[in-house]
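The values are calculated or read from the model by the stated rules, or taken from the named source; none is laboratory data. Predicted model, so just to flag it, every value in this text is computed and none were measured. Cβ atoms come from the backbone with ideal geometry, glycine included; neighbour counts cover every protein chain shown.
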Amino acid sequence: MFPRNLLQRNLFTKFHLDKKPYFVASLSAEIIPQPIHIKLHFMNAIWKTTLKQQQKKQRNRRLLLFSLLFLLAGVGYFLLPTHQSNKPELALTTLPEQTKEINPPSTAPKKKPEPIFTRAITAGDTLSSIMDSLKISQNTMYQILAADESLLALDVLRPGNQLTFTLDEETRQLMTMELFIHRGKQIIYQRSDADNFRYQEIILPGVWEKQLLNGEIHGSFFQSALAIGLSEQEVANIADLFKSRLNFSREIRAGDRFQVVRTQQLVEGEFTGQSQILGVQIFCHHSQHDAFLFEDGHYYDHNGDSLARAFLRYPHKGHFRISSSFNPARRHPVTGRIAPHKGVDFAMPTGTKILATGDGIVTRVKSHPFAGKYIEIQHGVQYTTRYLHLSRISVKRGQRIKRGELIARSGNTGRSTGPHLHYELHIKNRAVDPITAKIPMAASIPKSKRQMFKKQVAELIAVMNPPQHHQVSQYTQETKRNNPENLVDKPTI
Ligand SMILES: [Zn+2]
């Protein structure tokens, strides 16, 4: 019997995953070629509406689509030759790969070239190479990069990201480019006139699901933590949290245990890959270490003493005039357009020493046509800083940096009206005003909030099993039930 349910589910999933109905198009191409066009527009239109409308419409459209798909699947089933219906799974699983680019059968009537392209990013891809392959002009690429100046999202395309290009059917001019980062975050660059694009960030809050992970040390902490399902980034973040208190290579021994409570983001029932560590306990032979996230975004031990290293307010010594402050609705001094200013500009002579504002790791050393030469530093779990329009950079990507260390000399590179430093501070991936933002000062939780903190720690510790007893708590069972793929209490290898 043809697994009709499976077919529907797969169709729907694929549809939903790519935001574009490749699957539908290819499956129906041989049966009913006409509907392809309608559906492509149909889905594309969704992205142009606002988020709330979008969600509502999506529901209605899904219902409609689902019925359509059901109908198509039914028709398809009866039209397919018998030998094909014996191996439907095979056909279904191989289709997505083949359908990235739809080649109509040679017998089909000549149609206009497809106006929508999706490219899944693979290692080594650059925006420029992708656009070249699609014959999109360099001029258009620069227009998009100009729109991206305040985001710099296109400077780090990662495997797993997707770019979708929509061309005007008549002129073949690029109208929109959508960057799919993960299910919870997409950026749409949309043509506003002949020379300009504007961007729109679509951020879905989703739901955050708590999960408890128990681990035991066998080999390194790094390997043991990966073995229970933590990501490399999460393990690095945990190591970073404790680095001033615990020597991971000397103090940790085989058989020591550790526990982590984390939350993971789900959007429409699927994990986005975004997560946050809420609490960690490490039980060594002679000592115990812990860290708990508080509402201010910093980690503290169970006594309420901060684990974060202090930050500098200014990325330079001495005083320099602020020539442009942080302003989400600024008029750009060069283009005259409203463009967010996500940092603060210090007017300073070219060659002024630029200092890292906190301990961290250099995550970007780049040259951008508009941002100029710039550096990005990741400071532990929550903080990122950026330093733009530099003249000289004295650090490398991956390098560990100390607070106050000389990292570059200021300059006037990129699109700039005069020598200045553009400095950005991001907390949890959001740009904040570096002059007024609350930054870690290596302090303790204030007395007024201590009670609240103690309560939060007690709640987290209650869900972490004592290491001697391996019984599964109510909390863990809950997580297991909701999320069977992410095994909790997985045995360490
Ligand atoms: Zn600036």
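At a glance:
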quantity	calculated
Single residue of segment 362-380 satisfying the filter (among the hydrophobic types (A, V, I, L, M, F, W, C) and surrounded by fewer than 22 Cβ atoms within 10 Å (Cβ to Cβ)) that is farthest from the ligand (Cβ to nearest atom)	V362
The one condition in (1) within 21 Å of A371 (Cα to Cα); (2) of a type in the set (F, W, Y); (3) touching a residue at least 60 places away in the same chain (Cβ under 8 Å) that F180 fails to fulfil	(1)
Neighbours by Cβ (under 6 Å, 6+ apart or cross-chain): first from segment 380-391, within 20 Å of P419 (Cβ to Cβ); second away from the ligand (no atom under 11 Å from the Cβ) and of a type in the set (D, E, K, R)	R386/E376; L390/K373; S391/R409
Failed condition for S391, given (1) farther than 15 Å from L152 by Cβ; (2) away from the ligand (no atom under 16 Å from the Cβ); (3) in a strand (DSSP E or B)	(2)
Subset of segment 362-373 [touching a residue at least 40 places away in the same chain (Cβ under 8 Å) and assigned to a strand (DSSP E or B)]	V362, R364, K366, S367, H368, G372, K373
Residue check, D359 in contact with an Asp or Glu (Cβ under 6 Å, 6 or more places away or on another chain) and under 30 Å from I461 (Cα atoms)	no
Qualifying residue in segment 256-270 (condition: farther than 29 Å from F180 by Cα and more than 28 Å from the chain's Cα centre (by Cα))	yes
Options R250, R172, R183: the member that is basic (K, R) and either buried (at least 19 other Cβ atoms within 10 Å of the Cβ) or at pLDDT 95 or above (or both)	R183
Tabulated pairs, segment 240-256, first in the same structural domain as F222 (by TED's automatic domain parsing) and at positive phi, second buried (at least 16 other Cβ atoms within 10 Å of the Cβ) and outside any loop (DSSP other than H, G, I, E, B), C-beta under 9 angstrom, 6+ apart or interchain	G255/E216
Selection status of A371, farther than 16 Å from D359 by Cβ and under 27 Å from the mean Cα position of the chain (by Cα)	yes
Hits in segment 424-441 - residues which are within 18 Å of the chain's Cα centre (by Cα), more than 14 Å from the ligand (Cβ to nearest atom) and surrounded by 20 or more Cβ atoms within 10 Å (Cβ to Cβ)	H426
Selection count where residues are farther than 12 Å from D345 by Cα, of a type in the set (D, E, K, R) and not in a loop (DSSP other than H, G, I, E, B), scope segment 401-426	1
Selection within segment 394-423 - of a type in the set (V, I, T), closer than 22 Å to A147 by Cα and either modelled with pLDDT of 95 or more or more than 16 Å from the ligand (Cβ to nearest atom) (or both)	T413
Check on G351, out of contact with any Cys (no Cβ under 7 Å at 6 or more places or on another chain), over 17 Å from D155 (Cα atoms), surrounded by fewer than 17 Cβ atoms within 10 Å (Cβ to Cβ) and not assigned by TED's automatic domain parsing to the domain that holds G297	yes
Positions within segment 287-305 being in contact with a strand residue (DSSP E or B) (Cβ under 6 Å, 6 or more places away or on another chain), over 21 Å from S275 (Cα atoms) and not in a loop (DSSP other than H, G, I, E, B), in sequence order	H289, D305
Members of segment 317-361 found to be touching a Lys or Arg at 6+ places or on another chain (Cβ under 8 Å), within 11 Å of the ligand (Cβ to nearest atom) and not in a loop (DSSP other than H, G, I, E, B), listed by number	S324, H341, F346, A347
Hits in segment 306-349 (condition: of a type in the set (F, W, Y) and under 30 Å from K454 (Cα atoms))	F311
Sole exception among (1) within 19 Å of T263 (Cα to Cα); (2) assigned by TED's automatic domain parsing to the domain that holds T122 for Q211, by number	(2)
Hits in segment 388-402 - residues which are crowded, with 21+ Cβ neighbours inside 10 Å and out of contact with any Asp or Glu (no Cβ under 8 Å at 6 or more places or on another chain)	H389, L390
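Yes or no, residue by residue, for (1) within 16 Å of L307 (Cα to Cα); (2) among the charged types (D, E, K, R):
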residue: K210; (1), (2): no, yes
residue: F242; (1), (2): yes, no
residue: E251; (1), (2): no, yes
residue: G255; (1), (2): no, no
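For (1) over 24 Å from the mean Cα position of the chain (by Cα); (2) of a type in the set (A, V, I, L, M, F, W, C), each residue gets a yes or a no:
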position	(1), (2)
Q186	no, no
V207	no, yes
E232	no, no
A236	no, yes
F248	yes, yes
